[in-house]
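Notes to accompany the following structure.
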Amino acid sequence: MLRTLLAASTLALAAVMVTPAMADTVVASPRTISLSGHGEVRVAPDRATVTIGVASQKDTAAEAMKDNSAAMQQVFAALKAAGIAEKDMQTSNFSVQPRYNYPNDGSAPTLVGYDVSNNVTITVKKLDTLGAVLDAVVKAGSNQIQGVSFDASSPQAAMDEARKDAVADALRKAKVYAGASNVTIGNILSIEEGAVFRPRPVVMMQAKVMRADAAPAPIAEGEQTLAVDVSITWEIK
């Protein structure tokens, strides 16, 4: 019995021992260098979105609704005449709210009328007509213009150029660090895309009342910056 246990212990010990040949097969972790790159491209926008509408105030809700509906019908007609397709118009806000007078003496407020607001967000795909479109809706009765924002309808090609620039930027840095460290970079081990930056809509105009006889609004769409960050890891030879 004792002899059997000793034999089993010897076999178990031999099983956990690492021979020199096995030790030679242990692979060391590769030396690496990881850097980030940034690329950006400026593009000209080719469309704009703007929210326009009509705010009406009357003594009763029915009167305010009637006045607002008539004005909005004129606004929609002006939009269609200006070449804005129905698919590029979407109601973004409609509200009916009572209006109260709050006395300074702290007594109970009194109902003095109703406010009706109806807003529609439109997409203008011909930027050279934007000023004329805004002029037309104001003349038609719109007294609310809440922000103009510009966008590129197909930014994919520009984003891909920014990605190429980001990779080139990371590679440039890697060569600088490798040269300063007297090492040579090898194969790429990993590529990871980081932040992608697209411009947020910028409010260019906000007005609740505009003169109907004013000249068409001058519009400057400018350019937008699309940017990409990338992280790359190389093997050091």
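Results for (1) among the small types (Gly, Ala, Ser); (2) open to solvent by 70 Å² or more (accessible area, probe 1.4 Å); (3) in a strand (DSSP E or B), shown as yes or no for each residue.
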site: 99; (1), (2), (3): no, no, yes
site: 103; (1), (2), (3): no, no, no
site: 107; (1), (2), (3): yes, no, no
site: 120; (1), (2), (3): no, no, yes
site: 132; (1), (2), (3): yes, no, no
site: 142; (1), (2), (3): yes, no, no
site: 159; (1), (2), (3): no, no, no
site: 163; (1), (2), (3): no, yes, no
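Restricting the search to the range 31-40, which residues are farther than 24 Å from residue 224 by Cα and not in a loop (DSSP other than H, G, I, E, B)?
Residues of the range 31-40 farther than 24 Å from residue 224 by Cα: 31-35.
Answer for the range 31-40, where residues must be farther than 24 Å from residue 224 by Cα and not in a loop (DSSP other than H, G, I, E, B): 32, 33, 34, 35.
Does the range 93-117 hold any residues that are on the phi > 0 side of the Ramachandran plot and modelled with pLDDT under 95, and which are they?
106 - this is the single residue of the range 93-117 that is on the phi > 0 side of the Ramachandran plot and modelled with pLDDT under 95.
Which of the following residues is open to solvent by less than 70 Å² (accessible area, probe 1.4 Å) and not in a strand (DSSP E or B): 153, 190?
Result of the check over 153, 190: 153.
For the range 137-173, filtering for residues that are charged (D, E, K, R), under 25 Å from the mean Cα position of the chain (by Cα) and over 15 Å from residue 124 (Cα atoms) leaves 6.
Here residue 65 passes the criteria (1) within 30 Å of residue 196 (Cβ to Cβ); (2) at pLDDT 90 or above except the one numbered (1).
Of the residues that make up the range 157-165, is at least one under 22 Å from residue 49 (Cβ atoms) and of a type outside the set (A, V, I, L, M)?
So far as the range 157-165 goes, no, none of its residues is under 22 Å from residue 49 (Cβ atoms) and of a type outside the set (A, V, I, L, M).
Name the residues in the range 41-64 that are assigned to a strand (DSSP E or B) and open to solvent by less than 10 Å² (accessible area, probe 1.4 Å), would you? Outline the logic, then answer.
First pass over the range 41-64, keeping only residues assigned to a strand (DSSP E or B): 41-43, 47-58.
Once the filter is applied, which keeps residues that are assigned to a strand (DSSP E or B) and open to solvent by less than 10 Å² (accessible area, probe 1.4 Å), the range 41-64 yields 48, 50, 52, 53, 54, 56.
Residues that are within 20 Å of residue 47 (Cα to Cα), touching a strand residue (DSSP E or B) at 6+ places or on another chain (Cβ under 9 Å) and not in a strand (DSSP E or B) do occur in the range 88-97. Filtered by the rule that a residue be in a helix (DSSP H, G or I), of a type in the set (A, V, I, L, M), surrounded by fewer than 16 Cβ atoms within 10 Å (Cβ to Cβ) and in contact with a strand residue (DSSP E or B) (Cβ under 7 Å, 6 or more places away or on another chain), the range 169-187 gives no residues.
Within the range 135-151, residues that are aromatic (Phe, Trp, Tyr) sit with their Cβ atoms under 7 Å from residues that are open to solvent by less than 20 Å² (accessible area, probe 1.4 Å) and in a loop (DSSP other than H, G, I, E, B), at 6+ positions apart or across chains, in these pairs: 150/45.
The condition (being more than 29 Å from residue 59 (Cα to Cα) and surrounded by 13 or more Cβ atoms within 10 Å (Cβ to Cβ)) is satisfied by just one residue among 115, 128, 88: 88. In the set (1) in contact with a helix residue (DSSP H, G or I) (Cβ under 8 Å, 6 or more places away or on another chain); (2) surrounded by 11 or more Cβ atoms within 10 Å (Cβ to Cβ); (3) farther than 30 Å from residue 230 by Cβ, the condition left unmet by residue 93 is number (1). Of the numbered criteria (1) at pLDDT below 95; (2) at negative phi, the one residue 147 fails is (2). Residues that are open to solvent by less than 100 Å² (accessible area, probe 1.4 Å), on the phi < 0 side of the Ramachandran plot, part of a strand (DSSP E or B) and not aromatic (Phe, Trp, Tyr) are absent from the range 65-80.
The values are calculated or read from the model by the stated rules, or taken from the named source; none is laboratory data. Values in this document were obtained by computation on a predicted structure and should not be read as measured data. Please note: Cβ atoms are built from the backbone with ideal geometry, for glycine as well, and neighbour counts cover all protein chains shown. When the accessible area is computed, the model is the full protein with side chains, heavy atoms only, and any ligands, DNA or RNA have been set aside. Shrake-Rupley method; radii C 1.70, N 1.55, O 1.52, S 1.80 Å.
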